[in-house]
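Novice: Following this message is one structure expressed as structure tokens.
The values are calculated or read from the model by the stated rules, or taken from the named source; none is laboratory data. What you are looking at is a predicted structure, and each value in this text was computed from that prediction instead of being measured. Using ideal geometry, Cβ is built from the backbone for each residue, glycine included, and neighbour counts are taken over all protein chains shown.
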2 protein chains.
Amino acid sequence: MVPSEIRALFAVASRPEVVSLAGGMPYVSALPLDEFGGMVGDLIARNGAQALQYASAQGDPRLREQICEVMALEGVQACADDVVVTVGAQQALDLITRIFVNPGDVVLAEGPSYVGALGTFASYEAHVVHVAMDENGLIPEALEDTLARLRREGRTVKFLYTVPTFQNPAGVTLSADRRTRLLELAAEYDILVVEDNPYGLLGFEGEPMRALRADDSERVIYLGTFSKTIASGLRVGWALAPHAVRAKLVLAAESAVLCHSSFSQLAVREYLSTQPWREQIKEFRQLYRERRDAMLDALETLMPEGCSWTRPAGGFFVWLTLPDGLDAKAMAPRAIAERVAYVPGTGFYADGNGRRDMRISYCYPEPDRIREGVRRLAGVIEGELRTRDTFGGVGHRGSSGVDTPGPEVV
Amino acid sequence: MVPSEIRALFAVASRPEVVSLAGGMPYVSALPLDEFGGMVGDLIARNGAQALQYASAQGDPRLREQICEVMALEGVQACADDVVVTVGAQQALDLITRIFVNPGDVVLAEGPSYVGALGTFASYEAHVVHVAMDENGLIPEALEDTLARLRREGRTVKFLYTVPTFQNPAGVTLSADRRTRLLELAAEYDILVVEDNPYGLLGFEGEPMRALRADDSERVIYLGTFSKTIASGLRVGWALAPHAVRAKLVLAAESAVLCHSSFSQLAVREYLSTQPWREQIKEFRQLYRERRDAMLDALETLMPEGCSWTRPAGGFFVWLTLPDGLDAKAMAPRAIAERVAYVPGTGFYADGNGRRDMRISYCYPEPDRIREGVRRLAGVIEGELRTRDTFGGVGHRGSSGVDTPGPEVV
């Protein structure tokens, strides 16, 4: 296991003078907290004997039915018996890796990919091979080339891990025709697909994208969470898996935590039963769209020439690439000194790539703070460019930051 | 991983006509549910932005301080920085096993031992070696013999897992002088001790026992939980570990679940800050003592000759040994038919022992139901004894139940 950059983020994000574009925290203050509190209070008073007691390892049966109703919004037809409730989607990812991966097995993932997934894969000694993306998500030809090469090399590929919609960290979305092709390749090369979809319902335009799982129930394991659509502090996620995998997941979950919290599960069940959750998701979408717009506008206005970035249609994240010769990791301490935080791109690669890249997120700060953060970031980048142009490159300075603990690993 | 007997228990325990002496569920209905609900409702309304947000991987800092105050009741002096909050003590056990155990390594455990621990050890392919117990807990001479034998055999012993106080499943408690000897042996053979102490504050007489961790902070990893002293549905447990182990535990926890639920953690924090938790524990002790008395009285009055059982001074469980020639696992379906459930002893051994034994728990049913359950159980045992005396042994019938799924694995 490698020291986590996420923990360091929490420390930085909590310093009030810093505009943090680093964290992926949802803006839970947008929830009607009085109503939520009243709902939970009533639940305990009325049904505390269940809400405060052990639960089954698979998760509350009624909640698993509601989870199927939520997934139906993305075209997924599923049976509650194939759902396992987990401690966030992170636990589902951990258990799936535990079940499938032996040390040295290959796991495919987009490059860049979710930092928490890479940490889990590393902890089971998986060998992560990245597959290139562009603005339409993972590139099928790159996937096919990679699969063919690994087959020639006799490597065992256990699964493809993908965040197809409003990807973390890149903010891009896999197009519909690529989804079809991805599933064809998975079948041709006989690999599982782990579809991690925390942001699927947080699109800014039109209807939700159709999930990969909607078109393949035998080869796709779908991971979902209420962390972004209700509240991350409840830690209620789930896996929807083919039946044989589901049975193993339940045993693994039981071994890992005995059972999930009834308290959290029943709070979600109650929320979905009694509160206008679809309207609340619309409010979240509106809120995040305004913040996305604030960030893209500020980037357009303020960023020096040579920077490029993605334009997310949903979710929380923009992926920004610095001009040639700049190093996002080496620059991070100087950004902190200028009171703006981001996550250097190297954290999202298992292979050392991403030095020119960073993730900047718009989910948590208010629009004015986002603009201020981008302004500060643009100033830092301009300073780096002046240094580069004066001294002919800052790459060497950058490398000194690699092994030094502290703010630069944010 | 093996199919779990715990899950089957939940199914049986929920059938109203069955008196379940099987489950280890605390009687959470004894909590003041209205007050608990009001407290949680206020917490969300007032501090929902934190209670519904991601937490740190190590756990809430104030809660970790409170955990140290709770452990001080057992003589433990600890610093909040060495505490990691986990999803029940089960997760702590899982993470410790993940960190320390390679396939084939030896883990020592009392015989019998907690079924959830054995499941976790099996999932990491540990080789469990049991150490004998008597009415004063683990026998130091047996531990020394086992350690010496394993050393001669060149086996790697990673740790001793022990539930020293009001043990699950045997209900016995390690005496003070044996605690000293156990720590001496651990030092002599250079092994870690994992002290699992869910029931330590639920003694029926006098002051809490001094924890093993109170006398050795370098070699003992202490696991605690609020599942029995507050509510199991919150899934808030913890590990107190030497500093180097603690750092690894935080990384492992982050990889496994990202972070624990703020919602649960802050509910516990609030409960410990605002509610009379010491008095509530006294009420739990009084309640469980009455139930223990009801069970021991009924056993004394009703059990046929040849049965023996332990007399717990705290906790939830009695360990009952059947007369020679009887088989608790084979008998289980007949007990279910007579509307009483228990856990056959084999589930608490990794080596097939325990066929004459069973765990019967008094934590959840009310005293009249406990007496009725023991009455039914005595009737079943009497029937088995008549069969044995007529046909000269029921061992062969028993063996047919081993591999059959269904109620007999309860």
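Novice: Could you list, in sequence order, the residues of region B:90-135 that are without any contact (Cβ under 8 Å) to a residue 60 or more places away in the chain, within 24 Å of B:S361 (Cβ to Cβ) and out of contact with any helix residue (DSSP H, G or I) (no Cβ under 6 Å at 6 or more places or on another chain)?
Specialist: Across region B:90-135, the qualifying residues are B:M133, B:D134.
Novice: If you don't mind, there's one more thing I want to ask. I'd like to check something: does region A:334-351 contain any residue that is surrounded by fewer than 18 Cβ atoms within 10 Å (Cβ to Cβ), in contact with an Asp or Glu (Cβ under 8 Å, 6 or more places away or on another chain) and farther than 19 Å from A:R371 by Cα?
Specialist: no
Novice: Taking region B:314-333 as the region of interest, how many residues are under 30 Å from B:G200 (Cα atoms) and surrounded by fewer than 18 Cβ atoms within 10 Å (Cβ to Cβ)?
Specialist: Counting residues in region B:314-333 that are under 30 Å from B:G200 (Cα atoms) and surrounded by fewer than 18 Cβ atoms within 10 Å (Cβ to Cβ) gives 1.
Novice: Check region B:90-110 and report whether any residue there is within 9 Å of chain A (Cβ to nearest Cβ) and of a type in the set (D, E).
Specialist: yes
Novice: Further, regarding this structure: Does B:A244 satisfy being of a type in the set (G, A, S) and either touching a strand residue (DSSP E or B) at 6+ places or on another chain (Cβ under 8 Å) or in the same structural domain as B:G203 (by the TED database) (or both)?
Specialist: Numbers: of a type in the set (G, A, S): yes; either touching a strand residue (DSSP E or B) at 6+ places or on another chain (Cβ under 8 Å) or in the same structural domain as B:G203 (by the TED database) (or both): yes.
For B:A244, the condition - of a type in the set (G, A, S) and either touching a strand residue (DSSP E or B) at 6+ places or on another chain (Cβ under 8 Å) or in the same structural domain as B:G203 (by the TED database) (or both) - is met.
Novice: Could you check B:Q280 against (1) within 14 Å of chain A (Cβ to nearest Cβ); (2) buried (at least 20 other Cβ atoms within 10 Å of the Cβ) and say which number it fails?
Specialist: (2)
Novice: If you take the residues of region A:347-389 that are aromatic (F, W, Y) and touching a Lys or Arg at 6+ places or on another chain (Cβ under 8 Å), which of them is nearest to A:G119 (Cα to Cα)?
Specialist: A:F348
Novice: State all residues of region A:219-251 that are crowded, with 24+ Cβ neighbours inside 10 Å, among the hydrophobic types (A, V, I, L, M, F, W, C) and facing another protein chain (nearest Cβ under 7 Å); if no residue qualifies, say none.
Specialist: Within region A:219-251, A:A231, A:L234 qualify.
Novice: Right, another one. For region B:70-83, how many residues meet the condition of being in contact (Cβ under 8 Å) with a residue 12 or more places away in the chain, surrounded by fewer than 19 Cβ atoms within 10 Å (Cβ to Cβ) and farther than 16 Å from B:L212 by Cα?
Specialist: Going residue by residue through region B:70-83, those that are in contact (Cβ under 8 Å) with a residue 12 or more places away in the chain are B:70-71, B:73-78, B:80-83.
Add one more test, that the residue is surrounded by fewer than 19 Cβ atoms within 10 Å (Cβ to Cβ), and what stays is B:73, B:75, B:77, B:80-81.
Checking the rest, the ones that are also farther than 16 Å from B:L212 by Cα come to B:80-81.
Of the residues in region B:70-83, 2 are in contact (Cβ under 8 Å) with a residue 12 or more places away in the chain, surrounded by fewer than 19 Cβ atoms within 10 Å (Cβ to Cβ) and farther than 16 Å from B:L212 by Cα.
Novice: Same structure again: Those residues that are over 30 Å from A:Y114 (Cα atoms) and either out of contact with any helix residue (DSSP H, G or I) (no Cβ under 8 Å at 6 or more places or on another chain) or polar (S, T, N, Q) (or both), I need them from region B:224-257; list them, please.
Specialist: Result: B:T225, B:S227, B:T229, B:S232.
Novice: What number of residues within region A:253-277 satisfy the criterion of being over 23 Å from A:Q90 (Cβ atoms) and surrounded by 24 or more Cβ atoms within 10 Å (Cβ to Cβ)?
Specialist: 0
Novice: Quick check, is A:D145 surrounded by fewer than 23 Cβ atoms within 10 Å (Cβ to Cβ), closer than 22 Å to A:A89 by Cβ, more than 17 Å from the chain's Cα centre (by Cα) and among the charged types (D, E, K, R)?
Specialist: Against the criterion (surrounded by fewer than 23 Cβ atoms within 10 Å (Cβ to Cβ), closer than 22 Å to A:A89 by Cβ, more than 17 Å from the chain's Cα centre (by Cα) and among the charged types (D, E, K, R)), A:D145 does not qualify.
Novice: If you check B:L249 against the conditions, is it farther than 22 Å from B:D94 by Cβ, out of contact with any Cys (no Cβ under 6 Å at 6 or more places or on another chain) and assigned to a helix (DSSP H, G or I)? Don't jump to the end; show me each part of the working.
Specialist: Working: farther than 22 Å from B:D94 by Cβ: no; out of contact with any Cys (no Cβ under 6 Å at 6 or more places or on another chain): yes; assigned to a helix (DSSP H, G or I): yes.
In short, no.
Novice: Would you mention how many residues in region B:208-246 are assigned to a helix (DSSP H, G or I) and under 15 Å from B:I99 (Cα atoms)?
Specialist: Result for region B:208-246: 4.
Novice: Select from region A:149-173 the residues that are part of a helix (DSSP H, G or I) and in contact (Cβ under 8 Å) with a residue 12 or more places away in the chain and list them in ascending order.
Specialist: If the condition is that a residue be part of a helix (DSSP H, G or I) and in contact (Cβ under 8 Å) with a residue 12 or more places away in the chain, then A:L150, A:R151 are the ones that fit.
Novice: Also, I was wondering about something else. I'd like the full set of residues that are crowded, with 22+ Cβ neighbours inside 10 Å and at positive phi, limited to region A:153-177.
Specialist: A:F166, A:G171, listed by residue number.
Novice: So, in region A:45-69, of the ones that are in contact (Cβ under 8 Å) with a residue 12 or more places away in the chain, among the aliphatic types (A, V, I, L, M) and in contact with a helix residue (DSSP H, G or I) (Cβ under 6 Å, 6 or more places away or on another chain), which residue ends up farthest from the other protein chains (Cβ to nearest Cβ)?
Specialist: Of everything passing the filter in region A:45-69, A:L63 is farthest from the other protein chains (Cβ to nearest Cβ).
Novice: Output the residue which, of all residues in region A:85-130 that are touching a Pro at 6+ places or on another chain (Cβ under 8 Å) and closer than 21 Å to A:R246 by Cα, is surrounded by the fewest Cβ atoms within 10 Å (Cβ to Cβ).
Specialist: A:Y124
Novice: Can you tell me how many residues within region A:252-273 are at positive phi and more than 11 Å from every other protein chain (Cβ to nearest Cβ)?
Specialist: Going through region A:252-273 one residue at a time, the tally reaches 0.
Novice: Could you tell me whether any residue of region B:24-41 is more than 7 Å from chain A (Cβ to nearest Cβ) and modelled with pLDDT under 95?
Specialist: For region B:24-41, residues more than 7 Å from chain A (Cβ to nearest Cβ) and modelled with pLDDT under 95: present.
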